Structures are given as structure tokens and as C-alpha cells.
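This report concerns only the one structure given below.
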Amino acid sequence: MHTLFNSIDTYLLEHQDYWRFEPFFVSQNTELPWQQSHPLLCQWLAELTNSQVDSFKQDQDKLVQAVACYLPQISSIQSQLSLPTLTLNGLELARGVDSGVPGRKLSQITAMGEAALQNHHGEEWLEWCSGKGFLGRILASQSHQKVTSLEYQAPLCQSGQLEADKQQLPMTFIQGDALSEDVNQVFNSHQHAVALHACGDLHVSLIEKGVNHNLPAMTLSPCCYHLTSGAGYRALSSQGQRSSLTLSRSELRIPLQELVTGGERVKRHRLLEMSYRLGLDLLLRKELQFDDYLPVPSVKKSQLSDGFTAFCYWAAEQKGFVLPSCDFDEYLRQGTARYWRMEKLSLVQQLFKRSLELWLVLDKALYLQQSGYEVTVSEFCCREVTPRNLLIQAKRK
């Protein structure tokens, strides 16, 4: 892990120009940012058809192969990013344990649960940021051990406790703030802590508190690294703290922008909405001399079918500006062209998303290792189930 972290750290620092930008904003420039340094890469991007862009966005290996001749180091680092996938046989769930869990979420929870059970160390479980306790149900029913489920939202605690009691599972829900000092009361030295996609500071809080309480084991899959109270990332490990790589909150969003295809309807909605927003931005800059991007609230998907002009008038009403008389069709055309320019920029940034995420995960894994744990980092499911499929497993030595 030390060697891999250092390798990724060096790679990200040397290639900052290819990922330290926001495609949405850079797309307003007609010239790509690497036009002078890598003209052949830019020519390749410019010649891509829309369908080719879509294809590359869904096939990372294919994208790496295509870009390798322009950025030779890409292939080498990508091979290092290949992590072992856990061997899981699937769990036979007791009747009712999966009650109320959506299909794809159930696949994530079942895989996470089996991974934790395979490497269980402790006499009971602590389910961190539990929601209704779906993961806790699996752990309780499979291990017949006590589960303490910590959750911030009281209604979720109540719902989870009712279902656990109904199924006669040894679960106790505690309503509490995972970031507070009061939450230390839920810990004891016999717990194996689990957290599936606890966001930002929430999974960091578990790691630090778990170390302080000498938990025998922790199994967690981090998510939403940008949800932090700080202005940027706070490294945990000594190696992370020594690194000159600093990540702002907006840069912490980059690993989360990987898309799992949601079908043609979802892609169509995204194309329309982003083209509308980009076209409106161009309109406001040209017609009303706006210097900065004007954020517009979320729009209902059903509104998109009303067309670009209707979207612009809706945005004007929401944000309190008066639309001028102008050629809306032309701004939509420019917005759509800008959308595909943004997608081409995103292809280059996409090459660095996994590197950034693994840097963040390894920093946490190295901190646990430095704190006296045996640690592994692996993939607990395929990216089609969830792109956030990295799993840290730590066992106290």
C-alpha cells in the first residue's frame, strides 16, 4: 500500500493539468486546454463522434487503450489500480431480512455483509450511519450476534427498530450524531464496526473513533469525499500528510462523477438538461453580460419536454432576471455543442478518477495500518452494482 500510494501520488502531481479543472466551466472555451502541449490528443478528441464519446464513457479499458499513445504513462498506472476482487459465494437470507431493500442496493448490502462476515473479528457489531439497518439485519441474522445501529434520523431509527423487533433480531437502534463526542458512548472494545457508503466526515469519524476505542475490526466502503466541514481534504496517514497533493472540496467530487449507465431515457434527460443549462449560461453571458455562471435550481425531468425556451423563462422566474428577445434556437445549438465539448473534456478527467479515489482510500488504509491494524483494500462488488466498490478491511493486530 505504501508503494502504490507513492506511485499514485507522483502520477497525480505530474499530470495535474489533465484532471484539475471543471469540464462544465472549461467547456465555454472552444479550444481545449492541452492544444499547445498535446495537439494530437486534442485532434483525436475533436474527431470523436457523439456515440464514440458515450461508448468511451462506459468502457474505461477501451478509453485507456485509445489514449495510451498520447499519454504513455496511462497504461502503466492503470495496471497498478487493478485491485483484488473479493471471492463471495452469496448469502442465503432469512425470510424478511431483505424487506424494503431495492434490488441494486440489496446487491451492495449483501456483498458488504458477506465480506464483513468472512473477516469477522469481535463479539458484536456496530453499524455506523445505519439508516433503517438493512446491513445490520443481515449481520444479525447470519451471525446471531448483537448489532448496535447508530443513525442520525429518528424516523429511520424507529422504522428500523420496528422491523428488527418484528423479525426478532438482536438489534438496538441509537439515535445520535456520528460527528459528536457524545457518540463515543456507543463504542466498546468487542465491536466489529461496519459502514457502507458513509459520507465524507462520517466515515472519517468512524475510523478515528474506532482507533481510539481499540475496535477489533472495521469494514467500510467510503463515499462522498467532498462532504467535509473543511475547505479541502484532511489527510490522515503520515504519508498523506507529507504529500504536496492538496485537494479542494470541488476536486474531491471528481471520483464521484463516474456514471453507471441508466438507460437511454436517463442519458436523454441528462443531455437535455445539461445542454439547456450550458445554453442558458452562454445566453446570459452574451445578451446580459453576466461574468459568472448563475446556478439554477434543480428542474423536474417532466419540464425538459417543454423545450429550451420554456426552460429559460422558468429560470428567469426562479432567479429574478428579465430575458431579452433573442434567438433561443441558436443558443440551444451552442449549448448542445458545448455539452459534447464538456463530455470530451470529461473523458480525459475520467482517466484520473480511480487514481484520485484510490489515493483517498489508501490514505485511510495507511492511517489504520499505522494505528496497529492489519489492513486490506479490495473491491467487494462490480462497478455496475456501484462505482463506489472499494472496501477497507482492518483487523487489530
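The values are calculated or read from the model by the stated rules, or taken from the named source; none is laboratory data. Keep in mind it's a predicted model, so treat the numbers as computed, not measured. A quick note on method: Cβ atoms are made from the backbone with ideal geometry, for glycine too, and the neighbour counts reach across all protein chains shown.
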State which residue pairs qualify: first residue over 26 Å from GLN52 (Cα atoms) and inside the stretch 319-346, second residue surrounded by 13 or more Cβ atoms within 10 Å (Cβ to Cβ) and among the charged types (D, E, K, R) in any location, beta carbons under 6 Å apart, and separation of 6 or more residues or different chains.
-> PRO324/GLU287; CYS326/GLU287
Go through (1) out of contact with any Leu (no Cβ under 7 Å at 6 or more places or on another chain); (2) of a type outside the set (Asp, Glu); (3) more than 25 Å from ARG383 (Cα to Cα) and name the single condition GLN142 misses.
-> (1)
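Quick one: is ALA198 buried (at least 20 other Cβ atoms within 10 Å of the Cβ), touching a strand residue (DSSP E or B) at 6+ places or on another chain (Cβ under 8 Å), at pLDDT below 95 and among the small types (Gly, Ala, Ser)? Walk me through how you get there before you give the answer.
On the way: buried (at least 20 other Cβ atoms within 10 Å of the Cβ): yes; touching a strand residue (DSSP E or B) at 6+ places or on another chain (Cβ under 8 Å): yes; at pLDDT below 95: yes; among the small types (Gly, Ala, Ser): yes.
For ALA198, the condition - buried (at least 20 other Cβ atoms within 10 Å of the Cβ), touching a strand residue (DSSP E or B) at 6+ places or on another chain (Cβ under 8 Å), at pLDDT below 95 and among the small types (Gly, Ala, Ser) - is met.
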Residue selected from the stretch 380-397 under the condition among the hydrophobic types (A, V, I, L, M, F, W, C) and either crowded, with 19+ Cβ neighbours inside 10 Å or in contact with a Cys (Cβ under 9 Å, 6 or more places away or on another chain) (or both), by the criterion modelled with the lowest pLDDT = CYS381
Those residues of the stretch 162-190 that are assigned to a helix (DSSP H, G or I) and either charged (D, E, K, R) or touching a residue at least 24 places away in the same chain (Cβ under 8 Å) (or both) come to a total of 8
Of all residues in the stretch 14-70, count the ones that are in contact with a Phe, Trp or Tyr (Cβ under 7 Å, 6 or more places away or on another chain), in contact (Cβ under 8 Å) with a residue 60 or more places away in the chain and farther than 16 Å from LEU345 by Cβ.
-> 0
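So, in the stretch 205-236, of the ones that are of a type in the set (Val, Ile, Thr) and crowded, with 21+ Cβ neighbours inside 10 Å, which residue ends up nearest to PRO387 (Cα to Cα)?
Across the stretch 205-236, the extreme among qualifying residues is THR219.
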Have a look at SER149, SER143, SER99 and point out the one that is closer than 26 Å to VAL204 by Cβ and hydroxyl-bearing (Ser, Thr, Tyr).
-> SER149
The residue that is nearest to HIS15 (Cα to Cα), considering only those in the stretch 229-245 that are modelled with pLDDT of 95 or more and assigned to a loop (DSSP other than H, G, I, E, B), is LEU245
Does LEU284 satisfy the criteria of being in contact with a Gly (Cβ under 7 Å, 6 or more places away or on another chain), of a type in the set (A, V, I, L, M) and either in contact (Cβ under 8 Å) with a residue 40 or more places away in the chain or surrounded by 13 or more Cβ atoms within 10 Å (Cβ to Cβ) (or both)?
-> no
Taking the stated definitions as given, is LEU220 outside the structural domain of ARG20 (by TED's automatic domain parsing) and not in a strand (DSSP E or B)?
-> no
Quick one: in the stretch 67-122, which of the residues that are in contact with a His (Cβ under 9 Å, 6 or more places away or on another chain) and not hydrophobic (A, V, I, L, M, F, W, C) is farthest from GLN43 (Cα to Cα)?
-> GLY122
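Conditions tested, residue by residue: (1) without any contact (Cβ under 8 Å) to a residue 24 or more places away in the chain; (2) not assigned by TED's automatic domain parsing to the domain that holds ASN6; (3) not hydroxyl-bearing (Ser, Thr, Tyr).
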residue	(1), (2), (3)
GLY90	no, yes, yes
TRP125	no, yes, yes
GLY136	no, yes, yes
SER149	no, yes, no
ALA154	yes, yes, yes
Please go through the stretch 63-79 and pick out each residue that is of a type in the set (S, T, N, Q) and either touching a Pro at 6+ places or on another chain (Cβ under 7 Å) or within 15 Å of LYS353 (Cβ to Cβ) (or both).
-> GLN78
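Quick check on the stretch 308-355: of everything there that is of a type in the set (Gly, Ala, Ser) and more than 30 Å from LEU256 (Cβ to Cβ), which residue is farthest from the chain's Cα centre (by Cα)? Give the steps one after another, and end with the answer.
Of all residues in the stretch 308-355, those of a type in the set (Gly, Ala, Ser) come to 310, 315-316, 320, 325, 335, 337, 346, 355.
Then drop every residue that is not more than 30 Å from LEU256 (Cβ to Cβ), which leaves 310, 316, 320, 325.
On the way: ALA310: 33, ALA316: 32, GLY320: 33, SER325: 41 Å.
If we take residues in the stretch 308-355 being of a type in the set (Gly, Ala, Ser) and more than 30 Å from LEU256 (Cβ to Cβ), then SER325 is farthest from the chain's Cα centre (by Cα).
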